[in-house]
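One structure below.
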Amino acid sequence: INGKLAFIAYSDYTKTKKIVVYDGQELGKEYDTVVGLYDIDGKLTYSAKKDDKEFFVFDGKEIGKKHSLGPYGYLHSPIMVDGKFGYEVTWGHPIFDGIEIGKEFVDVYGLIDVGEKLAYGARDEEGKTWIIYDGKKIGENYESVSWPDNIGGKLAFSAIIPNARDNKKTIVLL
């Protein structure tokens, strides 16, 4: 990360507590364990647990909400978009800029930065999929859409559209 070696290691011989080793320094000793390790804008970012709460540490500071996720839940896929921090939550909705997003959908996934705007995929109760880009729903005319992607700073995704003869056609949109 930022040209420096970073990894997660056990801090003791019992193999119960994990810490971050970054550029030869041991970090995260104050937490019960460290779960994931990420590079966000060239800054060391990791998820940590303390007192049954999980959260992110970004550039040495605790950031975001503290979650009680149980033994099988975890935080993942952190992202920084236009100076706002976001991440995905197992069995929950993502958090972006401190706010739970996509609550109107049963599933939200694939948070990405496209031109300093947030994009993600979502699925509603009927199973229809959407792309949410800069707060706007895309996909009304499509049977389904794929995960969003960033190609050359532009939003890209594939979609299935019905044609005049009721055959399905897959297209890629930029």
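The values are calculated or read from the model by the stated rules, or taken from the named source; none is laboratory data. Predicted model only: the values in this text are computed from it and were never measured. Cβ placement follows ideal geometry from the backbone for every residue including glycine, while neighbour counts extend to all protein chains displayed. To get the accessible areas, we keep the full protein, side chains included, count just its heavy atoms, and leave off ligands, DNA and RNA. Shrake-Rupley method; radii C 1.70, N 1.55, O 1.52, S 1.80 Å.
May I ask you to list the residues in region 127-149 that are open to solvent by 60 Å² or more (accessible area, probe 1.4 Å) and touching a residue at least 24 places away in the same chain (Cβ under 8 Å)? Step through it out loud before you land on a result.
We begin by selecting, within region 127-149, every residue open to solvent by 60 Å² or more (accessible area, probe 1.4 Å); these are 134-137, 140-141, 143, 147, 149.
The answer is E143, W147, D149.
Would you confirm, using the coordinates I've provided, whether K43 is open to solvent by 60 Å² or more (accessible area, probe 1.4 Å), over 14 Å from the mean Cα position of the chain (by Cα), basic (K, R) and closer than 30 Å to D149 by Cβ? Lay out the reasoning, then the answer.
Details: open to solvent by 60 Å² or more (accessible area, probe 1.4 Å): yes; over 14 Å from the mean Cα position of the chain (by Cα): yes; basic (K, R): yes; closer than 30 Å to D149 by Cβ: yes.
Here the answer is yes, as K43 does meet what is asked.
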Item to complete: Hey, could you check region 22-40 for residues that are over 20 Å from the mean Cα position of the chain (by Cα) and among the small types (G, A, S) and say which is modelled with the lowest pLDDT?
Response: G28
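Do any strands (runs of 3 or more DSSP E) lying entirely in region 24-108 carry at least 1 residues that are acidic (D, E), and which ones are they?
Correct list: 25-27, 33-40, 53-58, 61-67, 84-89.
Within region 46-86, restricting attention to residues that are small (G, A, S), on the phi > 0 side of the Ramachandran plot and modelled with pLDDT under 90, which residue is surrounded by the fewest Cβ atoms within 10 Å (Cβ to Cβ)?
As a first pass, look at region 46-86 and keep what is small (G, A, S): 47-48, 60, 64, 68, 70, 73, 77, 83, 86.
Retained after the next criterion (residues that are on the phi > 0 side of the Ramachandran plot): 60, 64, 70, 77, 83.
With the extra rule that they be modelled with pLDDT under 90, the set shrinks to 64, 70.
Numbers: G64: 21, G70: 11.
Per the criteria, the residue is G70.
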Item to complete: State yes or no: is G73 free of Cβ contacts under 8 Å to residues at least 24 places away in the same chain and in contact with a Ser or Thr (Cβ under 6 Å, 6 or more places away or on another chain)?
Response: yes
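Can you tell me how many residues in region 86-114 are of a type in the set (A, V, I, L, M) and within 22 Å of F157 (Cβ to Cβ)?
Number of matching residues: 6.
For region 109-126, how many residues meet the condition of being open to solvent by 70 Å² or more (accessible area, probe 1.4 Å) and either within 19 Å of D41 (Cα to Cα) or assigned to a strand (DSSP E or B) (or both)? Explain how you work it out, then say what you get.
Our first condition is that a residue be open to solvent by 70 Å² or more (accessible area, probe 1.4 Å); within region 109-126, this holds for 116-117, 123, 125-126.
Cutting the leftovers down to either within 19 Å of D41 (Cα to Cα) or assigned to a strand (DSSP E or B) (or both) gives us 116-117, 123.
Within region 109-126, residues that are open to solvent by 70 Å² or more (accessible area, probe 1.4 Å) and either within 19 Å of D41 (Cα to Cα) or assigned to a strand (DSSP E or B) (or both) number 3.
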